[in-house]
Amino acid sequence: MNLKLIVITLLLSIFPHTAQAGEGHDAGYQWAEDNEIDDTSSCSTPSSSFNAGCEEYVEDNEAPSSGSNDEDEEDEEDE
């Protein structure tokens, strides 16, 4: 488990009521971006809003389907 995730989890469990509306989601998204998270299994904390932000980042940054790359490769071979 990532040390940063452990620290965030501990802080959220100690101070669960200090976040204002939107901060948990935004913080989760920002944390995932800062740590280049690419798997939603890394988005598991006691804060559902933090997790939702983290998961949204992962979904927003999923690799494009391999179908588009196949066409590019075929075009290069034809040339």
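The values are calculated or read from the model by the stated rules, or taken from the named source; none is laboratory data. In this text, all values refer to a predicted model and were calculated from it rather than measured experimentally. Note that each Cβ is placed from the backbone with ideal geometry, even for glycine, and that neighbours are counted across all protein chains shown.
Pairs meeting the criteria (first residue in the stretch 17-31 and closer than 18 Å to Asp60 by Cα and surrounded by 14 or more Cβ atoms within 10 Å (Cβ to Cβ), second residue among the aliphatic types (A, V, I, L, M) and modelled with pLDDT under 50, beta carbons under 6 Å, at least 6 apart or on different chains) are lacking. Inspect all residues belonging to the stretch 35-51 and state whether any of them is at pLDDT below 95, part of a helix (DSSP H, G or I) and hydrophobic (A, V, I, L, M, F, W, C). There is at least one residue in the stretch 35-51 that is at pLDDT below 95, part of a helix (DSSP H, G or I) and hydrophobic (A, V, I, L, M, F, W, C). The set of residues from the stretch 44-63 being closer than 17 Å to Leu10 by Cα and either buried (at least 21 other Cβ atoms within 10 Å of the Cβ) or touching a strand residue (DSSP E or B) at 6+ places or on another chain (Cβ under 6 Å) (or both) comprises Thr45, Ser47, Phe50, Cys54.
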